[in-house]
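The values are calculated or read from the model by the stated rules, or taken from the named source; none is laboratory data. The structure presented is a predicted model; accordingly, all values stated were derived computationally and were not measured. Don't worry about glycine lacking a Cβ; one is built from the backbone with ideal geometry, like all the others, and counts go over all protein chains shown.
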Amino acid sequence: MKASGFGLNEAIAVAQSSGQSAAIAPAQTLPAVEMKPVSMTVNGRSIGPVTVPEQIMLIDFLHEYLGLTGSRLGCGQGVCHACVVILDNADGTSEEVRSCITSAQFFDGRKIRTIEGHATRDAHSGNATLSPIQQKFLEHFSFQCGYCTPGFVNSTTVLIERLKRHPIERSALEETISQALDAHLCRCTGYVRYYEAVKELVLDTPGLVKGSE
């Protein structure tokens with residue numbers, strides 16, 4: 001007789017009728033989840049302290065506690081970069097950080113920007129104005145499904161801010177853009193339209209390329 005389709009009660013009944021004792025594994029007690037407060041500034045707004053599981057990743061904190069779902073969970077392993085946010089350092093520099101593999105506690109007391117922080121909204125009309133990067137991506141039809149777009153927007157923002165501090169030679173432009181976007185995975189457009197949009201934006205923005213003012 002096959003017992004694979006039986007429920008627990010049926011399996012016990014079969015064992016008892018055959019004179020066998022039904023051994024049931026004792027329930028296991030899961031370890032308690034450590035909770036810890038965290039505070040940070042998100043898109044210019046002070047958050048916290050909020051008590052969260054100590055090991056919660058930033059992307060889960062953004063999604064579940066702040067309702068900011070624009071940062072995308074793709075691979076969950078820090079490979080695709082769809083989840084990156086911008087970390088604003090105290091020295092005025094900015095950098096990308098992968099929110100799916102970085103604990104929310106890492107950002108305690110720090111300032112970050114998510115995709116929701118780029119566009120501005122008019123207080124009277126309610127109309128939104130895209131950032132120059134978002135607008136350029138739209139003009140070039142750089143995305144199709146858009147799942148990877150938040151990561152590309154944040155990456156390009158970090159690049160533009162770096163070039164404002166340290167302009168580059170025109171001959172280094174293509175390589176610089178490639179290095180900035182290389183880690184981001186896109187399964188729709190083959191990167192070409194993202195690359196073209198960023199290149200046009202850099203060339204159109206005074207002061208980013210030496211001698212282009």
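Of all residues in the stretch 99-111, those satisfying the criterion of being crowded, with 22+ Cβ neighbours inside 10 Å and either over 10 Å from the mean Cα position of the chain (by Cα) or assigned to a strand (DSSP E or B) (or both) are A104, F107.
Residue check: is R193 charged (D, E, K, R), closer than 23 Å to C83 by Cβ, surrounded by fewer than 14 Cβ atoms within 10 Å (Cβ to Cβ) and modelled with pLDDT under 95? Answer is no for this residue. Does at least one position in the stretch 125-135 carry a residue that is in contact (Cβ under 8 Å) with a residue 60 or more places away in the chain and not assigned by TED's automatic domain parsing to the domain that holds E96? Yes, the stretch 125-135 contains at least one residue that is in contact (Cβ under 8 Å) with a residue 60 or more places away in the chain and not assigned by TED's automatic domain parsing to the domain that holds E96. When residues in the stretch 144-160 are screened for being surrounded by fewer than 20 Cβ atoms within 10 Å (Cβ to Cβ) and at pLDDT below 95, 4 of them pass.
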